[in-house]
1. When region 22-54 is examined, which residues are found to be of a type in the set (A, V, I, L, M) and loosely packed, with under 10 Cβ neighbours inside 10 Å?
2. Identify, please: which residue in region 1-38 is touching a helix residue (DSSP H, G or I) at 6+ places or on another chain (Cβ under 9 Å) and not in a helix (DSSP H, G or I) and is, among those, modelled with the lowest pLDDT?
3. Residue by residue through region 12-33, note down the ones that are of a type outside the set (Lys, Arg) and within 13 Å of the chain's Cα centre (by Cα).
Amino acid sequence: MLSFVVTALIIALIAAVLGFTGIAKGLAAIAKLVFYLFLILFLISLVIGLINGF
């Protein structure tokens, strides 16, 4: 999941440099959404792991 975020950010940066601002904004928004989703899932799994004692 994080590899998708990194790939989307790299493509967004390249698109921004080349002047495709609409594509860059869209990819950056998608990457941000997936990153926050990953972060939430990570925190949930961390809390569950602490409750269960790993």
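1. So the first thing to find is which residues in region 22-54 are of a type in the set (A, V, I, L, M), and the list is 23-24, 27-31, 33-34, 37, 39-41, 43-44, 46-48, 50-51.
Residues satisfying the conditions are ILE48, LEU50, ILE51.
2. Out of the qualifying residues, it is MET1.
3. Answer for region 12-33, where residues must be of a type outside the set (Lys, Arg) and within 13 Å of the chain's Cα centre (by Cα): ALA12, GLY26, LEU27, ALA28, ALA29, ILE30, ALA31, LEU33.
The values are calculated or read from the model by the stated rules, or taken from the named source; none is laboratory data. Just so you know, these numbers come straight off a predicted model, no measurement behind them. Here Cβ is always computed from backbone atoms with ideal geometry, including for glycine, and neighbour counts include all displayed protein chains.
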